[in-house]
Structure formats: C-alpha cells, structure tokens
Amino acid sequence: MFINNSLINKIINAKEIVFFTGAGISAESGIPTFRGKDGIWNKLKPEELANFNAFLKNPDMVWEWYQYRRQIIEEKQPNAGHYAIVEFENLFNNVTVITQNVDNLHNRAGSKKVLELHGNIEKNFCIKCKTRYDNLLISENKTAPKCKICGGLVRPDVVWFGEMLPQDVFNNAEKMAMRSDVCFVIGTSAVVYPAANIPIIAKQYGSLLIEINITNTELSHYCDYSLIGNSGEILPNILNEIKKLKNI
Ligand code: BJW
Ligand code: ZN
C-alpha cells in the first residue's frame with residue numbers, strides 16, 4: 001500500500017503515540033475476531049456467554065468456552081503488526097498500547113506499556129473472595145474450578161457485558177488518549193463502549209486519528225486517515241517509511 005509522505009511526517013513529529021487495538025490486530029495470528037464474517041459471535045451469542053449471569057447459570061459451559069479460546073491463543077504467536085508496534089516503542093519515547101484484546105499478544109510481543117481495558121484471558125479470580133488464580137493449567141481444568149480458600153467459583157479475569165472496566169486502567173487510557181499527538185485505531189469495529197470512546201477522546205483533544213482496518217467502521221468518517229488493509233502489512237510499511245525518512 002502507498003502511504004503518503006505528509007502522513008509519515010506527521011507521525012515522525014509526534015511526541016506521544018497511542019495504539020488503540022481490537023481483535024483485528026490478532027486476526028493474522030489466527031485468532032478469530034468477534035464480529036464480521038469469521039467472527040466467533042456469528043455462531044455463539046455474546047449474551048449467552050460473555051456475561052456474569054450466564055456464568056452463574058452455567059459456569060462449566062462458559063468456562064469451557066474460555067478454556068477452548070485459551071488453548072487457541074496459547075498455540076498462536078504475535079504477528080508482524082504486534083511486532084511493528086514494539087519497534088515504534090524503540091523509535092519514539094512515549095508509546096502506549098491501549099487494547100480491548102484479552103489475548104495477551106501485545107505483552108508476548110514485547111510491548112512495554114499495555115493498558116488492557118477488557119482484562120486478560122490468562123488470568124482468573126474467585127468471584128467471592130477475589131483470590132487470584134492466574135496460573136491454572138488449561139489441560140487440568142475442564143470445568144469451572146472452585147476457590148481453595150472459600151469454595152467460590154473461579155472466573156476468567158475479563159470484562160463481560162454490563163460490567164465496569166477496571167477504573168484505574170480506563171482512567172490512565174483516557175489520560176494517554178488526551179495527551180496523544182497521534183492515535184492509531186487498529187482492527188476494531190469500535191462498537192463496544194466505553195472502550196470506543198478512547199479514539200473519540202483522542203481526536204477531541206487534537207490527536208491525529210489513523211484507522212487501520214480491512215473494512216470501513218463506525219469510526220471511519222471521524223478519522224483523519226482510514227487505511228484499508230491488513231494491520232500486519234500496513235504497520236510494518238509505515239514503520240519502514242519512518243525509518244527511511246529518519247535514515248535508520
Ligand atoms: C482487521 C483484520 C486485519 C479483521 N487487519 N483489521 C447501547 C449503546 C451503547 C452502549 C451499550 C448499549 N447497550 C449496552 C451497552 C454497553 C455495552 C456495549 O458497548 N454494548 C454495545 C455492543 C452495544 N458495554 C458494556 O457492557 C461494557 N461495560 C459497561 O458499559 O459498563 C458500564 C455499566 C455497568 C453496569 C451497568 C450498565 C453500564 C463492557 C464491555 C465489555 C466487552 N467485553 C468483550 C468480551 C471480553 C471477554 C472475552 O473476550 O470473552 O470484549 S465483548 C468483545 O467486543 C470483546 C472485545 O474487546 C470487544 C470489542 O471487539 P473488537 O475488538 O472491536 O472486535 P470485532 O470483532 O468487533 O472487530 C474486529 C475488527 O477487526 C473488524 O472491524 C474487522 O474488520 C477488523 N479486522 N481482520 C485489520 N487483518
Ligand atoms: Zn474465594
């Protein structure tokens with residue numbers, strides 16, 4: 001894809017950069033997105049699985065769904081898009097990754113400042129006493145485990161519909177969005193709130209909004225640039241153009 005020089009110059013001059021990411025950035029790693037033609041929610045209804053009442057009603061079914069997804073994620077690797085962001089962190093001083101993803105791939109790629117708005121599928125906690133169970137083996141826990149201290153159900157540490165996002169993480173994300181000069185919006189349908197407010201806040205505070213997605217989204221009309229294509233290709237391309245201009 002051709003990326004024009006004026007865009008590259010604007011990025012180069014940025015002091016603070018935010019990468020706001022969604023499931024699409026991990027699609028090229030082989031992890032299914034939620035919506036769209038190959039999305040996991042074409043077959044499964046989110047309200048049946050990704051909410052607390054569903055978990056209370058049928059903990060083993062919800063747990064099994066998460067174990068299945070954990071298995072997929074464990075077998076996959078970060079892709080060129082995740083790694084390009086890590087390289088951005090080496091070229092620019094202030095880079096923050098704000099992700100809706102629970103797959104931990106930004107951390108596994110080596111990103112240093114990752115704000116996980118919707119939690120992390122590798123972690124768990126007891127719903128009663130909040131004891132953490134972050135290292136449960138996938139193979140040994142086919143059904144929802146019980147807390148060793150109080151007997152309460154252990155759940156994945158992810159944010160379900162109707163639940164609050166972790167307040168400190170969201171506040172930090174808002175702050176970084178406000179401070180950013182450039183905000184990339186990558187691989188998200190931008191329909192789930194309050195996360196989808198992050199790029200809107202960034203733009204309201206003067207950030208340049210650059211969307212990278214294989215298709216137009218709810219947010220495209222609001223963005224300064226909308227780059228259509230795979231993030232695993234476009235991000236490395238942008239990085240290469242930056243390196244050329246910086247003579248790296
Ligand atoms: C590529 C690509 C490639 C593909 N390269 N791109 C009405 C209006 C507004 C809000 C609401 C409403 N009714 C209810 C709400 C609130 C609700 C909400 O937003 N609902 C909307 C869906 C309508 N929000 C909540 O409930 C949130 N909490 C909340 O509001 O609390 C306040 C409150 C508390 C109590 C009472 C009342 C209010 C919580 C939301 C939690 C979301 N959790 C999930 C599940 C996490 C756990 C799990 O993984 O199981 O988070 S839902 C799911 O969606 C997941 C994702 O993080 C999130 C966003 O999805 P994302 O990342 O955008 O993925 P997709 O699949 O949608 O898009 C992928 C994109 O990639 C596509 O655009 C592709 O084109 C693109 N793509 N390949 C580039 N190679
Ligand atoms: Zn407990």
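Please determine whether any residue of region 128-140 is aliphatic (A, V, I, L, M), at pLDDT 95 or above and open to solvent by less than 50 Å² (accessible area, probe 1.4 Å).
Within region 128-140, none of the residues are aliphatic (A, V, I, L, M), at pLDDT 95 or above and open to solvent by less than 50 Å² (accessible area, probe 1.4 Å).
Which one is nearest to ligand 2 (Cβ to nearest atom) among residues in region 170-189 that are more than 20 Å from LYS10 (Cα to Cα), in contact (Cβ under 8 Å) with a residue 40 or more places away in the chain and not hydroxyl-bearing (Ser, Thr, Tyr)?
Restricting to residues being more than 20 Å from LYS10 (Cα to Cα), in contact (Cβ under 8 Å) with a residue 40 or more places away in the chain and not hydroxyl-bearing (Ser, Thr, Tyr), the top hit is PHE170.
Could you check region 64-114 and list, in sequence order, the residues that are modelled with pLDDT of 95 or more and among the hydroxyl-bearing types (Ser, Thr, Tyr)?
If the condition is that a residue be modelled with pLDDT of 95 or more and among the hydroxyl-bearing types (Ser, Thr, Tyr), then TYR83, THR96, THR99, SER111 are the ones that fit.
Results for (1) under 19 Å from VAL185 (Cα atoms); (2) of a type in the set (A, V, I, L, M); (3) assigned to a loop (DSSP other than H, G, I, E, B), shown as yes or no for each residue.
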| position | (1), (2), (3) |
| --- | --- |
| ARG70 | no, no, no |
| HIS82 | yes, no, no |
| THR96 | yes, no, no |
| VAL102 | yes, yes, yes |
| HIS106 | yes, no, no |
| ASN124 | no, no, no |
| LYS128 | no, no, yes |
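Each row is one residue, and each column tells you yes or no for (1) closer than 14 Å to PHE20 by Cβ; (2) of a type in the set (Gly, Ala, Ser); (3) more than 15 Å from ligand 1 (Cβ to nearest atom).
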position: ASN120; (1), (2), (3): no, no, no
position: SER139; (1), (2), (3): no, yes, yes
position: THR143; (1), (2), (3): no, no, yes
position: GLY151; (1), (2), (3): no, yes, yes
position: PRO166; (1), (2), (3): no, no, no
position: LYS175; (1), (2), (3): yes, no, yes
position: CYS183; (1), (2), (3): yes, no, yes
position: SER207; (1), (2), (3): yes, yes, yes
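Residue by residue through region 190-230, note down the ones that are part of a helix (DSSP H, G or I) and either within 16 Å of ligand 2 (Cβ to nearest atom) or without any contact (Cβ under 8 Å) to a residue 60 or more places away in the chain (or both).
Passing the criteria: ASN197, ILE200, ILE201, LYS203, GLN204, SER220, HIS221, TYR222.
The values are calculated or read from the model by the stated rules, or taken from the named source; none is laboratory data. Just so you know, these numbers come straight off a predicted model, no measurement behind them. Reconstructed Cβ throughout: ideal geometry from the backbone, glycine too, with neighbour counts over all protein chains shown. For the accessible areas, the whole protein counts, side chains as well, though only heavy atoms, and no ligand, DNA or RNA atoms are used. Shrake-Rupley method; radii C 1.70, N 1.55, O 1.52, S 1.80 Å.
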